[in-house]
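Here is the structure we will look at, set down as structure tokens.
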């Protein structure tokens, strides 16, 4: 019973503190940057001048509250420091007068991902659960390290690229964390700490979304999107279901991931090979520009597809597990 009280108290505290930060933006004039708009992104001009980088607040709150209620030694502390570093690098980019280049961001991504993968394997091991079957699999160290690095990098960048529609990235993250918790519960790989850590982040995002739904008043910026991308990857590995990311986070991969893939192939081939030529990426830009969807309709379509996918995956896991 005390576990439930503790998880509820942590979630409520995370929500209240984040709500107050979003409401008053403490030191906002000195702390936050302002949105510059995005080149070639339809409708992005409406966000120019809005406070950005407010992910600084909800990431910091969620990490501190989570550590207070679920501190379990240096292992979790190190991973949360990496979440804060992901937030800090994104925050500095949000505040910069000139956006950081792709190579700088890429180098920082590899640095954080490499340290994160190494720290995780050191403290948590390399055993995973196949979510659909519940089978336990031991992955050799070097293979796990490589896969963990790739997972973190993909998650950070896909989440970041998805953050182009009011409320979208935050809502998809909430659906993702809830689905991970349910699948982990079905497979018996989640405990009080796992639930509390997930709900603390969800509560912080819910408070943020009150101010970010269309028309948004604040934007999470790279400070928020890159940090929650790292957290999603860590949470999937922590619950021993990292391969579930490929299904549960398919909306992130399709919406934001295709954009990264398209840009990467273009860079590597010097634009000799162009994929998805007739599709604007991220997909949310395609829906707005090519299909004429409003921001709210774009959000609703992508979130509805994500919710249906998550529901199907949970049902299949429950049926197979029996």
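The values are calculated or read from the model by the stated rules, or taken from the named source; none is laboratory data. Keep in mind that what you see is a predicted model, and the values were worked out from it rather than measured. Quick reminder, even Gly has a Cβ in these numbers, built from the backbone with ideal geometry, and neighbours come from all protein chains shown.
A few remarks follow.
- Scanning the stretch 37-48 for residues that are at pLDDT below 70 and assigned to a loop (DSSP other than H, G, I, E, B) yields 37, 38, 39, 40, 41, 42, 43.
- Unmet criterion (only one of (1) within 21 Å of the chain's Cα centre (by Cα); (2) farther than 15 Å from residue 235 by Cα; (3) at pLDDT 95 or above) for residue 94: (3)
- Residue within the stretch 235-243 that is closer than 20 Å to residue 313 by Cβ, modelled with pLDDT under 95 and outside any helix (DSSP H, G or I) present: no
- Annotation note: of 153, 64, the sole residue that is out of contact with any helix residue (DSSP H, G or I) (no Cβ under 6 Å at 6 or more places or on another chain), under 21 Å from residue 177 (Cβ atoms) and surrounded by 15 or more Cβ atoms within 10 Å (Cβ to Cβ) is 64.
- Test: residue in the stretch 73-90 that is in contact with a strand residue (DSSP E or B) (Cβ under 9 Å, 6 or more places away or on another chain) and in contact (Cβ under 8 Å) with a residue 24 or more places away in the chain: no
- Within the stretch 1-36, considering residues that are within 21 Å of the chain's Cα centre (by Cα) and in a loop (DSSP other than H, G, I, E, B), the one modelled with the lowest pLDDT: 35
- Residue in the stretch 307-321 that is in contact with a helix residue (DSSP H, G or I) (Cβ under 7 Å, 6 or more places away or on another chain), farther than 30 Å from residue 186 by Cβ and modelled with pLDDT of 85 or more present: no
- Test result for residue 135, in contact with a strand residue (DSSP E or B) (Cβ under 8 Å, 6 or more places away or on another chain) and free of Cβ contacts under 8 Å to residues at least 24 places away in the same chain: yes
- Only one of the listed residues (119, 137, 128, 149) is within 21 Å of the chain's Cα centre (by Cα), part of a strand (DSSP E or B) and within 21 Å of residue 243 (Cβ to Cβ). That residue is 128.
Okay, residues lined up against (1) in a helix (DSSP H, G or I); (2) without any contact (Cβ under 8 Å) to a residue 24 or more places away in the chain; (3) crowded, with 21+ Cβ neighbours inside 10 Å; (4) touching a helix residue (DSSP H, G or I) at 6+ places or on another chain (Cβ under 6 Å):
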site	(1), (2), (3), (4)
185	yes, yes, no, no
189	no, no, no, no
193	yes, no, no, yes
196	yes, no, yes, yes
204	yes, no, yes, yes
224	yes, no, yes, yes
227	yes, no, yes, yes
230	yes, no, yes, yes
